[in-house]
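Structure incoming, see below.
Just so it is clear, none of the values below were taken in a lab; they were calculated from the coordinates. These numbers come from a predicted model, not from an experiment. Note that we place each Cβ from the backbone using ideal geometry, even for glycine, and neighbour counts take in every protein chain shown.
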Amino acid sequence: MTKAEIVTEISRATGLEKAAVLATVESFMDVVKESMAGGENVYLRGFGSFIIKTRKEKTGRNITKNTSVIIPEHKIPAFKPAKVFLEQVK
């Protein structure tokens, strides 16, 4: 499902204009991105959590040059679904 399809579905279900729904969805995504960029996790009870995971430093290999490269510790965004969400998907 794309963002446009989500906006259309919410607009149909609520009776709100698509432009208002799109602005709301965009604002939600901006808040989540800004919070995570600031090092904060986002918890949505009954849906899931947008969390920041830390990947440890590791050694990678460049097989074309046959060399080792150190990949530094870094952070990645992740989503952890709530139990209720997982049960519905199963």
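Would you mind getting the Kirkwood hydrodynamic radius of the chain from its Cα pairs, rounded to one decimal in Å?
By the Kirkwood definition, the hydrodynamic radius is 16.3 Å.
If each of A13 and T64 carries a label point 7 Å out from its Cα toward its Cβ, how far apart are those two points in nm?
4.6 nm
At 0.36 nm per residue, minus the direct Cα-Cα distance, what do T24 and A82 gain on full extension? Give it in nm, one decimal, please.
The span from T24 to A82 would gain 18.6 nm if fully extended.
Relative to the longest principal Cα axis of the chain, at what angle does helix 18-37 sit, 0 to 90 degrees, rounded to 10?
Relative to the chain, helix 18-37 is tipped by roughly 30 degrees.
Counting each DSSP H run of 4 or more residues in the chain as -39500 (n - 2.57), what helix-only mean residue ellipticity at 222 nm follows after dividing by all residues, to the nearest 500 deg cm²/dmol?
Counting only the DSSP helices, I get -13500 deg cm²/dmol.
If you place +1 on the Cβ of every Lys and Arg, -1 on the Cβ of every Asp and Glu, and leave all else neutral, what size is the dipole of the chain about its Cα centre, to the nearest 20 Debye?
Charge dipole of the chain: 600 debye, to the nearest 20.
Using only Cα atoms, find the angle between the long axis of helix 3-14 and the longest principal axis of the chain, and express it within 0 to 90 degrees, rounded to the nearest 10.
30 degrees
For the cross-link pairs K33/K65; K58/K80; K18/K75; K53/K90, which exceed 28 Å when the distance is taken from alpha carbon to alpha carbon?
Check vs 28 Å cut-off fails for K33/K65; K18/K75.
Work out how much length V32 to T2 would gain on full extension: take 0.36 nm times their residue separation and subtract the Cα-Cα distance, in nm to one decimal.
Separation in residues times 0.36 nm, less the Cα-Cα distance, equals 9.0 nm.
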